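These notes concern the structure reproduced below.
The values are calculated or read from the model by the stated rules, or taken from the named source; none is laboratory data. Being a predicted model, the structure only gives us computed values, none of them experimental. Glycine gets a Cβ as well: all are built from the backbone with ideal geometry, and neighbour counts include every protein chain shown. SASA here: full protein model, heavy atoms, side chains in, ligands and nucleic acids out. Shrake-Rupley method; radii C 1.70, N 1.55, O 1.52, S 1.80 Å.
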Amino acid sequence: MSATNASNGSRIETYEDFVKVHDLLLAASGLPQSLHFKLFQKLTSETFDGGAHFEIEPCEEGRQRRLLLTSEAMAKDSNVFLIDHAWTFRLPDAYKQLQEVPGLVQRMAALMCVDVEDDETGDGFVRWLELEELGLDDATFLSLNLSTKFPDLLALSLCGNKLENQEKLVEEVTKFKNLKALWLNNNPVLEKSDCGMEGAILQGCPKLEIYNSRFTHNFGEWALGFCADVYGKDNPASSHQGDLPLQSVTSLDLSNRGIHNLINKAFSPFEMPNLSYLNIRGNPIEENSVSDLFGLLKAFYCLQSLEVDIPGPLGDSAVEILESLPTLSSLNGVDASKILESENHIVDSMLQLRLPEWTAEEPLADRVLNAMWLYLMTYRLADEEKLDENPVWYVMDELGSALRHSDEPNFRVAPFLFMPEGKLASAVSFSILWPTQNVKRGDECTRDYLFGIGEDKQRSARLTAWFYTPQKYFIQEYEKHLKKLQSKCLPSLSVKSSATTVVHRSDGSALRVYTDIPQIEEFLTRPEFVITNEPKDADIIWTSMQIDEEVKKAVGITDQQYINQFPFEACLVMKHHLADTIQKAQGSPGWLQPTYNLETHLSQLIGDYCLRKRDGLNNLWILKPWNMARTIDTTVTDNLSAIIRLMETGPKICQKYIEHPALFQGKKFDLRYIVLVRSINPLEIFLADVFWVRLANNLYSLEKHSLFEYETHFTVMNYGRRLNHMNTPEFVREFEKEHQVKWLDIHQRVKSMIRSVFESAASLHPEMHDPKSRAMYGVDVMLDASFQPKLLEVTYCPDCMRACKYDTKAICGGGETVRGPDFFNFVFGCLFLNETIHVCQL
């Protein structure tokens, strides 16, 4: 959101002054010019008159609200209304504000309809046990002696642990003779197991109905009740014997449950006489004929809405399905009469609302943090000089937040920054609302949540932030993407002897270096180089600026001068291009976390997310802007709506978060390596002996509130935060001692990974080669809990203040001392004089 300053800075009193100050804002808002004067009047008089024209009405059984027009009629573009902002914040401050600002969490909970308490209670003894992501290994799991402590257990989740021994696991879980559900997702034992383990578990647990999120052949009343939310953690079993627990079920979602045979004693109109909605998408159901399935479904006399794959187990014609099941009023979310009229044989669903979900024990603040992504809006502040790096998020007041989505809306909303004194310092943020269609009394007032965003910008996928979109499509897109990655394999490039020549002047004088980097001006002291203040006089230009043809022309840079950047190096230093380069060259190497460019691969990310959720895998992701440093606008979340909505603050990659990193004394850390590139073809790269560790300030935690704590999850502290520098040799000694590992083994894996990164770029982008280019890159690396390296990013012209400031000892080689003030002396020696002091060739 851009703003201009009034020349005199006095309070705005006339319409002419208002337009002069706000002309760009008015244009950006899209408000018709005919309404500008009315907006000026309402802003200057602080008139909030929406209550005289609209009313808020509960809907979706009180879990949402909608806005209705109470005026007799309202013509298109006839009025404009001010909407206040009930909550404005920067994302890292959200949880703290909800905790500390009086009344805020209560207001937000009521606005988002998450303030209703749930009074359900459990059985009084443990029938449902979740031991997820606790790092349990086989010995620890067996030592818990769960079958003795909880003999009546009905549901056991062991997702995300380290269980590996099939025999011991089968022996232990089959002691639970009443077990109805077992989740072992994301354990190493599943990677090694075959059908034998599953068969042994099913034989030993004869009552098991759900195994790893899918129905067993024994599925019955309990599994159906679980999918209908009759059974769950707070209510794992029926209260009284003889009850018919499914009698009250009206809606049943059986999608993606691996069902092969639907004809089952529990799945019957006698057990579920009130069933009106059924979803059987994503199931093969190949053991039943089409006619048998139609016969079964016809018996559900109350069934009005059906979701099923077309083509699928009921055939390949929507018309034939409706003719066979005449009680249906909708198929895949589309009105049955419309399907029959248009004779569409294949239809897909209208979208179901994604309503907030919470548990009775969840504090209001947590409910709000989860639900807010259904309501938030965002903008960025700017003046003539600078765009604010951190976006502002806000929630409109109760009236504005009651506007629901429509693809054919009758109102439009836009943020507006009113500057009553003509300056940004006096600004107050509002939203403005106006009708874009003729509306009459009783009509619901709607807006387009994705105004101006079409399918070219992934509109359908982005609607997943607010609606349940068809998972099958996204999963198929992900599987195609994965198959494509798995087909890639890049042969290693051979390491050749140096083909670059020593750089020297014909008259033997020192090489002239132009730089805008203070450390080079101060610390490049060897006699072969001399600093010059004129770029056009320099032999070597070493700058933090990106030099393109326009800059070359303006400054007078020639093709005979050496520059510290390679053409097309964006394939390495911009995060989305880096991932694309590696994936096109190598597919999905173990050292690159699953990574998606949200501007092009949102559907594939959603598919990956859905599969992980279905299989009980960790779903924590980190979102990073394409081209911002210092973790600006970087977020860690497991909320799919949040992931999609965060696209609104600028293009990003979404990368699987390393939820179990190697820790140093309980804290997260990463490593900054320095790579020197002499040539792309042939590839000549060197790793500096100097690297350094960057430590988080807080102990690492996956507790959800810690995700808002910068100093727990991020390590870059040298920009206004407390920096805990640790000399590299000391870190390595302490790390080896703490984890009983050899650093040289880790270092070898890091070297191999870095070589592969630059091989990918050299193979895929031979146009990078330029004999007049020499460059230094920072490569940021993290280690996972198995001490395997993971690539974080590659940075152009990295900040090397630490390397210049501190003396250290080389970890490899002879362990000689590397003086900090000599850092740029050996960097320039390697790149321009073909020396190999304090570096090793990769």
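For segment 657-726, the carbon plus sulfur part of the accessible surface works out to 50%, probe radius 1.4 Å. When the Kirkwood hydrodynamic radius is evaluated over all pairs of different C-alpha atoms of segment 244-349, what value in angstrom, to one decimal, is obtained? That comes to 13.8 Å for segment 244-349. Treating r as the C-beta distance of Thr359 and Val101 and R0 as 25 Å, the FRET efficiency rounds to 0.55.
Accessible surface for the chain, divided over its residues, is 45 Å² per residue with a 1.4 Å probe. Projected onto planes of every orientation and averaged, the convex hull of the alpha-carbon atoms in segment 123-237 covers 6.5 nm². Highest-first packing order for the peptide set 650-662, 285-297 is 650-662, 285-297, based on the mean count of other beta carbon atoms within 10 Å. For the chain, the Cβ-based charge dipole about the Cα centre amounts to some 1760 debye (Lys, Arg positive; Asp, Glu negative; other atoms uncharged). At an R0 of 30 angstrom, the distance between the Cβ atoms of Val551 and His769 translates into a FRET efficiency of 0.90. Spin-label model, Asn834 to Leu424: label points 7 Å out along the Cα-to-beta-carbon direction sit 5.2 nm apart.
FRET efficiency for the pair Tyr15 and Ser706, taken as 1/(1 + (r/R0)^6) with r the Cβ-Cβ distance and R0 = 56 Å, rounds to 0.65.
Among the lysines of segment 123-237, pairs at least eight places apart or on separate chains and with Cα atoms under 16 Å apart come to 8.
Counting only Cβ charges, +1 for Lys and Arg and -1 for Asp and Glu, the dipole size of segment 9-81 around its Cα centre is about 120 debye.
The radius of gyration of the Cα set in segment 682-778, together with its Dmax, comes out at 17.8, 51 angstrom. Estimated at 0.36 nm per residue, the fully extended path between Lys488 and Thr525 surpasses their Cα-Cα distance by 8.7 nm. Among the listed pairs Lys575/Lys790; Lys480/Lys584; Lys613/Lys667; Lys613/Lys668; Lys42/Lys76, those whose Cα-Cα separation exceeds 24 Å are Lys613/Lys667; Lys613/Lys668.
Working note: 222 nm ellipticity from helices only, DSSP H runs with n ≥ 4, each -39,500 (n - 2.57), summed and divided by the residues of the chain, gives -7500 deg cm²/dmol to the nearest 500. Taking a point 7 Å out from the Cα of Ala75 in the direction of its Cβ, the residues of segment 37-59 whose backbone N falls within less than 16 Å of it are 38. Each residue of segment 167-183 was assigned a 3J(HN,Hα) from its phi angle through the Karplus curve 6.51 cos²θ - 1.76 cosθ + 1.60 (θ = phi - 60°); the sequence is 4, 5, 5, 4, 4, 6, 6, 6, 6, 8, 6, 9, 4, 9, 9, 9, 10 Hz, with glycine and proline shown as x. Reducing segment 261-336 and segment 573-639 to their Cα centroids gives an inter-centroid distance of 38 Å. Here the chain yields Rg over Rh of 1.01, to two decimals, using C-alpha coordinates and the Kirkwood radius.
Estimated at 0.36 nm per residue, the fully extended path between Thr140 and Gln33 surpasses their Cα-Cα distance by 31.5 nm. Using 0.36 nm per residue and subtracting the Cα-Cα separation, the extra length available between Ile56 and Leu244 on full extension is 63.8 nm. Checking every one of the trypsin sites (Lys or Arg not before Pro) in segment 796-842 against DSSP loop status and a limit of 16 other Cβ atoms within 10 Å picks out Arg819.
With the simple model of a label 7 Å out from the Cα in the direction of the Cβ, Asp194 to Lys536 spans 7.7 nm. Using a 1.4 Å probe on the protein chains only, how many percent of the accessible area of segment 516-561 belongs to carbon and sulfur? Within segment 516-561, the accessible surface is 50 percent carbon and sulfur.
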